Amino acid sequence: MFKTNQSFLQILPNKKALYFVLITLLIGLSGVAFSAYLKVSGQTAEAQGDKPGETTAQQCPTCRPPTPQVIYAPLIDLREASSSEIVLNCRSSHVIDAVPTFYTDTGEPIVGQTISLKPAEMRFVDVMSLIPAEHRNRQKWGGMSLSYTGNSMEVWAQLTLHGIGQNGSTDVLFVVVNAQRSNVREAVWRMPKNAAATIALGNYSDSLAVATLTYSNGETEQVNVAPYATEIVKRRNNGQNQSDTKAESVRIESSGELGRLIPTGLVVSNNGGYASSIRFYDPQNIAQPNLYATNFRLKDSTPHLVLKNTSDNPVTAQPRFLPASGEGSGVVELPAVTIAANAIKEVDLTGLVTAAKTRADLDSVSVQIINSGAAGSLVGAINTTNNLTKVDYDIPLRDSGLTRNSAGGYTVRLDDDYSTILSITNVGEKSGKFTMQVNFDGGFYALYPQKLEPGATATFDIRNIRDQQIPDSEGRKLPLNFAFGQIRWSLVGAPQTRLIGRSEVVSKTDKVSSSYSCFVCCPNMYNNGWITPYTAEVEAGETFQFSSQQQDRDCYQNLYSPYPVEANWTINDDQIATVGFDGSTTAISEGDAYLTANWTGQFWWADATEACLPDEIPVNRTANLIVPSAILFKTLSNDVNSEIATFSQGIGSQTANVNLSGGRQVCTGSRTSFNITINFDLPPDAVSIFHPDSRTFVSDSETQQFQYLSFDFQDVSYSLRRGKMIINLRRVRPTAADNSIRIRITGGLQAGGSYNGNAKVTFTCP
């Protein structure tokens, strides 16, 4: 039933066998979802399932159980910054409590008040407001941690240092304390003229950490960092010509508890004209050799790219810049550069800048740095400065990462002049799909799976979506007063596809440019599926569209908006109806049948190393189809004059056939009754006469006989008067044979000669 992962079975054979049973049971239970309400990030949305019941997130047997979690940032305050702001990001499906602890630069812990975060809450607060009041006046602060019980990255945070150099902001990233890391960090950065680099070394352990820093010019220094303390290291542009911009790098090797020395950094020019973050990478935990970035701005901007070879052998790097359409003739490929062992190089982007001046599709691009070396042998830094606003944009440049990197939960901020841009790029070799959902207090905005070709980028301007009232896949719109929320996006199926994403929050007034690219525990996975509608009544000859629907959840137990999914469709009786590849069903004849939709549900297993390993389960859902006894009166209109009756003079029997078929449908399906009124216009002096039969109605000593094939009419009545004959028929329990009703009238005219009579036929539908 499942496709197994052999390596995972070797790690946890007993657990996976148990999980297999649990998932099978849960998927069977998950079919109870019809005309119910689903909980989506704290909100409700109507959904239908394949059986009556409630749609809820099933227990997640593939996820690790809740455990104590700690995230940590080594720097919360800096002399060069005017203030420090933190955004608290709750990805949980329930209220979750987080305890902040602040550390002085010497490692003294100060525990703050517990913070209760609601599902999908995004809270921006001044960091100092979270510190107990009696300690806020302290001048030298180090790092900060947030502790909670839950899943990995279920609570996340990011710091923004405002007013850096009086002209910008920089980001300070949190890390998962218990994540597997080595004791080596590599970083490279651009150092403009008259600029200084600040490196903060935070020790989140209870033992001394000794860090050795080796710079690109060969200089080294050793720094001792006490338990939970933070040490600051400064570097200035020390070239012979102080007016020159240069690149610099550092390699940090530390002793002490594995992975507990956490660095961060920033670069600021003395004149306040440049501010950028320094991003550190662990080369021993990089998944593959190439580097990628998304939403690299080129319009009215000056871009920069610096690379460092972290290995002991030369590497060749091929820079490629792709428009939103992805691979194709529009790609700008710059000459390859060879970087010596442990050397750095700033890449000449003149050719890219020249191309961008004449091509609107290069206003913003994705970046690929194709590396000839091994995984972890190349790190880089990429940023751009807008020539008009002077805002500096610092962009993550890193490998595609593990599967969990193909999903994210980011910040949305739209108050004042803040804007938020989400970009998602396919960095794999195969096309893939993703879902995108914006959660906010009171609702959500969601898109059906969007397809991305290799190299292609999807960009969403959340402020524009709000202001222009652009509807989502179900017609929902973001409220005009929407200011704070959370973007959740995820790869859909296709574990071989790799996507990267980030959101960019910018304010020209506050001089803020923050990049959010924090991933989550795993991509979204199958929770429930159904066919909509669950039951449909379709007239013979008509076509109806059924749809197979899937609802996903994440490993934090959040449910997401359902979406259509491709399925393999079958029907149990093709004499009653036929079904197409997309669920389009054509009814043929009376009867009851059921349709079946089969597709594959994707799962992710979180193992002991927090990796996401793919697995899948077949999904089988059914829907009922009823083809009723058809009543398909086909005429040109509800009231139509047709020459359908012919009477001749004489006492002898004459026959007129009233044929009610042909033309267009005006009255469809019913299992109760219908009425037919036939109004004959006779010659002014004609009197109709009829011969008695088994069914006889007498009026003024005259009789009228109705013959109607095998039909069973009740309440047959008529009215005879000079120049008129009106017949009323009521049909009960119709059958498919009623598609072409013919009523035979036997009789003749007593006077007036032969006459081709017109009949006005009126149908009354129940």
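The values are calculated or read from the model by the stated rules, or taken from the named source; none is laboratory data. Only a predicted model underlies this, so the values are computations on that prediction, with no experimental measurement involved. As a convention, Cβ positions derive from the backbone with ideal geometry for all residues, glycine included, and neighbour counts pool all protein chains shown. Surface accessibility is based on the protein's heavy atoms, side chains included, excluding ligands, DNA and RNA. Shrake-Rupley method; radii C 1.70, N 1.55, O 1.52, S 1.80 Å.
Worth pointing out:
- Protection proxy ranking, peptides 578-591, 358-371, 402-415, average beta carbon neighbours within 10 Å, highest first: 402-415, 358-371, 578-591
- Residue separation of Q113 and E429 scaled by 0.36 nm, minus their Cα-Cα distance, works out to 109.0 nm of gained length.
- Inter-label distance for T543 and D467, nm, one decimal - labels placed 7 Å from Cα along Cα-to-Cβ: 4.3 nm
- In nm, spacing of pseudo-spin labels at D312 and K508 (7 Å Cα→C-beta vector): 5.3 nm
- Cα convex hull volume per residue for region 126-237 (Å³): 156 Å³
- Within the accessible surface of region 173-223, defined with a 1.4 Å probe on protein heavy atoms only, the carbon and sulfur portion equals 46 percent.
- Cut-off 17 Å (backbone N to label point 7 Å along Cα→Cβ of A179), residues of region 406-447: 406-411
- Peptide packing for 535-544, 618-627 was compared via the average number of neighbouring C-beta atoms within 10 Å per residue; ordered from the highest value, the list is 618-627, 535-544.
- Legend: calculated FRET efficiency, V353 to T570, from the Cβ-Cβ distance at R0 = 41 Å, rounded to 0.05, equals 0.10.
- Fraction of accessible area attributable to carbon and sulfur, region 316-391 (%, probe 1.4 Å): 54 percent
- Inter-site label distance for Y594 and N620 at 7 Å from Cα along Cβ, in nm: 1.1 nm
- Probe 1.4 Å, protein heavy atoms only - accessible area per residue of region 429-531 in square angstrom: 35 Å²
- Size descriptor, Kirkwood hydrodynamic radius, that averages inverse alpha-carbon separations across region 478-527, Å: 13.8 Å
- Local net charge near Y215, Cβ-Cβ under 10 Å (Lys/Arg +1, Asp/Glu -1): -1
- Cα gyration tensor, region 354-396 - rounded (a/c under 1.5), prolate or oblate: oblate
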